[in-house]
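FYI, it's all coordinate maths here, none of it is from the lab. Please read these numbers as outputs of a predicted model, since none were measured by experiment. With ideal geometry, Cβ positions are generated from the backbone for all residues, glycine too; neighbour counts draw on all protein chains shown.
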Amino acid sequence: MWKTFCIFTPLIFYAMIIFTGEYDCKVDVKGRIMLPVAFRKQMGETEIYRFVIKKDLYEQCLELYTVDEWERQNSLILKNIKPYNPEHRQFLRDFRMGAAEVECDPTGRILIPGRLLKQADITNETVLSGNIGKIEIWSPALYNNSGGDVTAKRERAERIMGDATYNTELP
């Protein structure tokens, strides 16, 4: 019966936004940041911008996902999780730990929970960096030191893209 249900369940597809840009933002005394107009334009016009914010698994920054992208990420994870495997359950717990739903107020500000600001070492300034499917929120000092020196960045690019060729054909 369960397999039959799954087969007939409609698939839901989400469009992924590739956020472009890097913006310095102030954090007010209440822990609010102004979402740059450029990011709001990239998401399209809507009355309410809703997000899920969480601590990054690997870096000391925060990740801001649109609700649709958050649901897409969770769907991808759930396809690969075995619910009775302790390591899988721990990964899911780690991924979702501390996540909070937030939205822009009418002026475009987002209230970031204080515990998340503390975990990312963010005080009164932050850098918002566009990424694939999310916006990263960094302490300026940590952001400027992320990724290592030029040599480390070059070596990483070579390892990841070393065999890539230019493809001028559109998919």
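Results, tabulated for the structure shown:
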{"quantity": "Lys134, Lys26 arranged by Cβ crowding within 10 Å, fewest neighbours leading", "calculated": "Lys26, Lys134"}
{"quantity": "In the range 62-171, the chymotrypsin sites (Phe, Trp or Tyr not before Pro) that fall in loop regions by DSSP, at most 13 other Cβ within 10 Å", "calculated": "Tyr84, Tyr166"}
{"quantity": "Signed unit charges on C-beta, dipole axis of the range 34-159, positive-most listed residue Tyr84, Val150, Leu117", "calculated": "Tyr84"}
{"quantity": "Qualifying aspartates and glutamates (Cα of each under 13 Å from Cα of Lys26; at least 8 residues distant if same chain)", "calculated": "Glu125"}
